[in-house]
1. Explain nothing, just the number: relative contact order of the chain, from Cα pairs under 8 Å at least 6 residues apart, as a whole percent.
2. Tell me, what is the FRET efficiency for residue 108 and residue 69 to the nearest 0.05, using R0 = 45 angstrom and their Cβ-Cβ distance as r?
3. Taking the Cα centre of each part, how many Å lie between the stretch 107-177 and the stretch 18-97?
4. How far apart, in nanometres, would the label points at residue 31 and residue 88 be if each is projected 7 angstrom from Cα along the Cα-to-Cβ direction?
5. Would you mind checking the tilt of helix 17-31 against the longest principal axis of the Cα atoms of the chain, expressed as 0 to 90 degrees and rounded to 10?
6. For the chain, what size does the Cα cloud have along each of its three principal axes, sorted from largest down, in whole Å?
7. Out of 13, 86, 53, whose Cα points farthest toward the positive end of the dipole of the chain (charges: +1 Lys, Arg; -1 Asp, Glu; placed on Cβ)?
8. Given springs between every Cα pair under 10 Å in a Gaussian network model of the chain, which of 98, 37, 81 has the largest fluctuation?
Amino acid sequence: MNSEAGGVPKRRAEPRWPASIAIASALILYLILPQSLIVGPRWLIPALEAALLIPLTVTNPYREHHETRQLRIMAIGLIALVNLANIVSVVLLVHHLLAGGKNTSGKALVYAALAVWLTNVIVFGLWFWEVDKGGPAARSGQHERIPDFLFPQMTDQRITSSEWRPGFIDYLYVAFTNATAFSPTDTMPLTQMAKLLMTAESLVSMITVIVVAARAVNILP
């Protein structure tokens with residue numbers, strides 16, 4: 001492991017590319033949504049996302065401890081933008097499914113619901129990654145905050161080294177399991193922020209799954 005002056009170990013900075021791929025995937029999922037689930041021009045949200053994503057990826061490919069406040073604000077703003085667009089799509093999806101999908105076929109709405117659900121998983125995987133211990137840049141420094149999430153690897157050093165740190169894929173997995181189980185599975189939320197985020201994700205996932213299932217079996221008119 002590399003060391004800084006004075007023999008203090010330097011942790012490896014987290015690469016941004018897994019999160020960038022996730023955001024690009026969310027952008028593609030947004031583009032395939034029917035127009036009835038989009039407010040405004042179809043190109044507007046993807047253009048805004050790209051305007052934030054490209055500079056972040058090019059200028060700061062690794063989330064290091066000296067990351068500027070402006071870059072962190074941009075990163076959080078990008079996730080918030082994706083999240084807001086998906087919430088709007090969820091609201092419109094529920095509206096159209098309850099109304100019988102007059103302007104869009106039922107099959108198209110079901111496929112759209114899958115895209116919305118997957119985007120929900122991606123968005124909250126990004127939130128978990130950005131929030132835990134103050135974010136990726138803070139986790140690469142020497143003075144971490146108290147963890148927001150308790151991973152199994154953090155409770156038993158027999159299965160991993162004491163230097164283990166979760167990466168983006170770990171947070172994406174937590175988001176996926178939380179969206180399918182509507183509750184924590186192997187990773188526990190420790191802080192109020194983590195609990196609120198997991199509650200919000202479960203709520204969106206539950207609404208999407210329940211309404212689509214109800215529509216699929218013609219429970220709803």
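Every number here is computed from the coordinates shown, using simple stated rules; none is lab data. Keep in mind that this is a model prediction, so the values were computed, not measured. Cβ: placed from backbone, ideal geometry, glycine included. Neighbour counts: every protein chain shown.
1. On the way: 267 pairs, mean separation 51.1, N = 221.
Relative CO of the chain lands at 23 percent.
2. Values: r = 43 Å, r/R0 = 0.95.
Using R0 = 45 Å, I get an efficiency of 0.60.
3. Using only Cα atoms to place each centre, the spacing works out to 17 Å.
4. Each label point lies 7 Å from its Cα, and together they span 1.8 nm.
5. That works out to roughly 10 degrees.
6. Its Cα atoms span 69, 37, 24 Å along the three principal axes.
7. Ranked along the dipole, the leading option is 86.
8. It is 98.
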